[in-house]
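Structure first, then comments.
The values are calculated or read from the model by the stated rules, or taken from the named source; none is laboratory data. Values in this document were obtained by computation on a predicted structure and should not be read as measured data. Reconstructed Cβ throughout: ideal geometry from the backbone, glycine too, with neighbour counts over all protein chains shown.
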Amino acid sequence: MSRADLVGDGVENPANARALLDVAAMFGVPCRFRDTRDLAGRWHGEPLAGTDLGELRARPIVAVENTPGAESVFTARLPAGRPSIVVGNERRGIRPDLLAAAGSSVQIPTSGRGINTLNVAAAAAVAMYYLLGATGRRSPRSSRAEARRPAVLLAGPGDHVEAGSALRTAAAFGWQTVGLDDREKVWFGTPRPVRTEGRAAARSHRNPLRVVPDGSVDGHRRVIVAGTRVAGPPVHRVDLTGALLVIPDEETGGYAGGATGFARVELPGGGCRYRLVASIVLAEAARQLGIRPPARPGRGPFAHESTLALTPPDADLVTPSELRAY
Ligand SMILES: C[S@@+](CC[C@H](N)C(=O)[O-])C[C@H]1O[C@@H](n2cnc3c(N)ncnc32)[C@H](O)[C@@H]1O
């Protein structure tokens, strides 16, 4: 029997519902939806398992929401009795009736200057990773956190929305610059609709993240490659601080560059959807740092001059409600 269920409360965007099914599969747990916003009307695929407040009340409820007073997901413990781990609507979060019914609330601590929420599926993946496992974690650093913040290289993401969601996570955890090896050509110089969708997923209108085209590991003594298919210790036991942290999209072929170490994201059910794996790795690096607010805006360790800043999405290509649905 699984240790928990994943529940999406009022999730609107079918793509996010699909990503939540992937999160559940990664952790080998069932996924159900309390459909308060006509997800079913937009859904094409296998029938989604539904639930309601009455059914949810029968077992412990853990609300994943960054509400005041919520415990950090890095230290919270999963209650006994096969709890429902609930995530909420893309814009409004978990509905008040379900929040009130929850015996505990956990938040993913963030330090972003512009954005403090992750994509709903990315948040579910991070919450499940810490609530269901990640035992024997390294202790977080308590001093000079910013100086120890790893440089991050997203390597070969194969999809612009997955890349955008991973960038949104990085911004929420306080990264100001992220390298992106765009060999699959999903980010730089893409057609306008693709560009707009990717930037919407990154929430680029609300965060000041710099995305730097860079595939090089020059100048880094420690290069740690993190993923689900690398051979190495669990990521939460590897010192990620002060390194170049490479997060390859394992669906597009991994990372062929040099590495001095590996860190494995252990997922009992398998799978490697990029935004989910990248968000877990970034959360772990942030946890090890102690997540302090960034000291000051900076350029980060990447040297390329040909940087492309994220720009606001084009209003005539995507509506605000579409943007918010990511
Ligand atoms: C995009 S967020 C909802 C928007 C949010 N209520 C707001 O303030 O804008 C969608 C869902 O992802 C989860 N989530 C995202 N970031 C989170 C965080 N930092 N801590 C806990 N849950 C988070 C929550 O379940 C939330 O309901």
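Take the residues in the stretch 112-129 that are over 9 Å from the mean Cα position of the chain (by Cα) and surrounded by 24 or more Cβ atoms within 10 Å (Cβ to Cβ); name whichever of them is nearest to Asn89 (Cα to Cα). It would help to see each step written out before you state the result.
First pass over the stretch 112-129, keeping only residues over 9 Å from the mean Cα position of the chain (by Cα): 112-117, 127-129.
With the extra rule that they be surrounded by 24 or more Cβ atoms within 10 Å (Cβ to Cβ), the set shrinks to 112, 127-129.
Numbers: Gly112: 20, Ala127: 16, Met128: 17, Tyr129: 20 Å.
Ranking the candidates gives Ala127 first.
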Tell me, please, whether a residue that is within 12 Å of the ligand (Cβ to nearest atom) and either outside the structural domain of Leu21 (by TED's automatic domain parsing) or farther than 24 Å from Ser2 by Cα (or both) can be found in the stretch 69-85.
yes
So for the stretch 15-26 (the condition being more than 16 Å from the ligand (Cβ to nearest atom) and within 26 Å of Gly133 (Cα to Cα)), does at least one residue qualify?
yes
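Just one of Asn66, Asn89, Asn119 is modelled with pLDDT under 95, within 26 Å of Ala25 (Cβ to Cβ) and near the ligand (Cβ under 9 Å from one of its atoms); which is it?
Asn66
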Hey, does the stretch 244-256 have a residue that's modelled with pLDDT of 95 or more, of a type in the set (D, E, K, R) and more than 21 Å from Val73 (Cβ to Cβ)?
yes
Considering residues of the stretch 92-107 that are touching a Ser or Thr at 6+ places or on another chain (Cβ under 8 Å) and hydrophobic (A, V, I, L, M, F, W, C) only, the residue farthest from the ligand (Cβ to nearest atom):
Leu99
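Please work out if Ala171 is in a helix (DSSP H, G or I), on the phi < 0 side of the Ramachandran plot and touching a Pro at 6+ places or on another chain (Cβ under 8 Å). Spell out the reasoning first.
Details: in a helix (DSSP H, G or I): yes; on the phi < 0 side of the Ramachandran plot: yes; touching a Pro at 6+ places or on another chain (Cβ under 8 Å): yes.
Yes.
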Which of the residues that make up the stretch 30-72 are touching a residue at least 60 places away in the same chain (Cβ under 8 Å) and either among the aliphatic types (A, V, I, L, M) or within 18 Å of Tyr130 (Cα to Cα) (or both)?
Val62, Val64
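Taking the options Pro157, Pro140, name whichever one is under 15 Å from the mean Cα position of the chain (by Cα) and more than 16 Å from the ligand (Cβ to nearest atom). Show your work before the answer.
Numbers: Pro140 fails: under 15 Å from the mean Cα position of the chain (by Cα).
It is Pro157.
Matching residues to (1) farther than 25 Å from Glu197 by Cβ; (2) of a type in the set (Phe, Trp, Tyr); (3) within 16 Å of the chain's Cα centre (by Cα):
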site: Arg3; (1), (2), (3): yes, no, no
site: Leu20; (1), (2), (3): no, no, yes
site: Leu39; (1), (2), (3): no, no, no
site: Arg42; (1), (2), (3): no, no, no
site: Ala76; (1), (2), (3): yes, no, no
When you go through Ala283, Ala226, Ala202 one by one, which is the residue that is within 15 Å of the chain's Cα centre (by Cα) and under 14 Å from Ala163 (Cβ atoms)?
Ala202
